[in-house]
Amino acid sequence: MQANSPVYAVIGDPVAHSLSPAMHNRALAACGLPGVYVGFRVTDLPVAVAGIRALGIRGVSVTIPHKVAVMPLLDEIDDTARRIGAVNTISNESGVLKGTNTDGLGALKALETVTAVDGRRVAILGAGGAARAVAWALSNAGAKVALFNRTVPRAAALARQMNLEWGRMDNLARWRAEILVNTTPVGMAPDAGAAPVAAAILDPAMVVMDIVYNPLETTLLAAARRLGCTTVDGVQMLVFQGAAQFERWTGVAAPVTVMRQAVIEALSPTLTHRHGQAAVF
Ligand code: ATR
């Protein structure tokens, strides 16, 4: 490390369990790039953003609870972040702080490792911030997106805003989704036995993605796999949103395989294995 090595960071509260430092430091090392990526627990956001400027921090990941509040503190917000309504990435370009959002792109890239999305029917479970990012990226890539949410008016409101379809959960099977994406926390440890939808609505031809990554194979993904569906786990989305950040900051192609390995190693002490089975990586 040199005195002028670039510094990257994640800001959030809490950040102690963030997987981003493990993922990004491994990526920097694998590419032979100088720099270090650290976590900052931030409670005073305006002062932290002034700190990014004062210290010349090169790139920053923004996580809960700062993704929306950070927007007015930056110099530029791109169209993607504006449409999603949240920033998860800051690039410090010669003192100009630019905000974007790579969460949706991460979901798109993760799906694209197994399927094309253009023209496909995608059902998104949930209508919160994650659903908004995923829905925007997939519909922008040509998918026909519908939102299904426990609280139906919330799905309807978001769908209207984003010009998408929406439906009641009990109409999900009839909607004939080709791709199903869970953006709700249902199935997350310690409640790993839960699933956001009944296995009966799955079809072997479906691609099923879960943004929950602990357990790595959720109850939903296990049911999908048993039926013969193609599955995409939550670590893939995490890795691909990080890969998009890395590429923006460094201009170097992200080493996604080593980033995934770093995340899984960092997660392994806490990873829940359903029914005592070993997780399949
Ligand atoms: P995020 O920003 O991570 O998407 P959020 O904005 O709190 O978080 O949204 C969480 C989403 O998961 C919502 O769609 C929520 O459904 P409601 O709108 O009905 O609250 C959904 N969700 C959370 N817990 C759920 C549960 N136990 N069953 C079904 N849906 C749930």
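Just a few scattered comments:
- Set THR113, THR184: member being open to solvent by 50 Å² or more (accessible area, probe 1.4 Å), at pLDDT 95 or above and either over 15 Å from MET206 (Cβ atoms) or away from the ligand (no atom under 13 Å from the Cβ) (or both): THR113
- So THR102, is it polar (S, T, N, Q), under 27 Å from GLU178 (Cβ atoms) and within 16 Å of the ligand (Cβ to nearest atom): yes
- Residue among VAL70, VAL42, VAL87 that alone is open to solvent by less than 20 Å² (accessible area, probe 1.4 Å), within 16 Å of the ligand (Cβ to nearest atom) and closer than 29 Å to GLN261 by Cβ: VAL87
- Residue check, LEU158 within 11 Å of the ligand (Cβ to nearest atom) and modelled with pLDDT of 95 or more: yes
- Of the residues in region 90-104, none is over 30 Å from GLY51 (Cα atoms) and in contact with a helix residue (DSSP H, G or I) (Cβ under 6 Å, 6 or more places away or on another chain).
- So LEU164, is it open to solvent by less than 20 Å² (accessible area, probe 1.4 Å), out of contact with any Pro (no Cβ under 6 Å at 6 or more places or on another chain) and of a type in the set (A, V, I, L, M, F, W, C): no
- Enumeration of residues in region 199-227 that are in a loop (DSSP other than H, G, I, E, B) and closer than 12 Å to GLY187 by Cα: ILE211, VAL212, TYR213, ASN214, PRO215, LEU216, GLU217, THR218
- Scanning region 36-58 for residues that are among the basic types (Lys, Arg), closer than 15 Å to THR250 by Cα and in contact with a Gly (Cβ under 8 Å, 6 or more places away or on another chain) turns up at least one hit.
- When the criteria are applied in full, ARG26 meets the requirement of being assigned by TED's automatic domain parsing to the domain that holds ALA262, within 20 Å of GLY234 (Cα to Cα) and not in a loop (DSSP other than H, G, I, E, B).
The values are calculated or read from the model by the stated rules, or taken from the named source; none is laboratory data. Owing to the predicted nature of the structure, the values given are computational and were not obtained by experimental measurement. Neighbour counts are summed over all protein chains in view; Cβ atoms, including those assigned to glycine, are modelled from backbone coordinates with ideal geometry. In case anyone asks, the SASA skips ligands and DNA or RNA and just uses the protein heavy atoms, side chains included. Shrake-Rupley method; radii C 1.70, N 1.55, O 1.52, S 1.80 Å.
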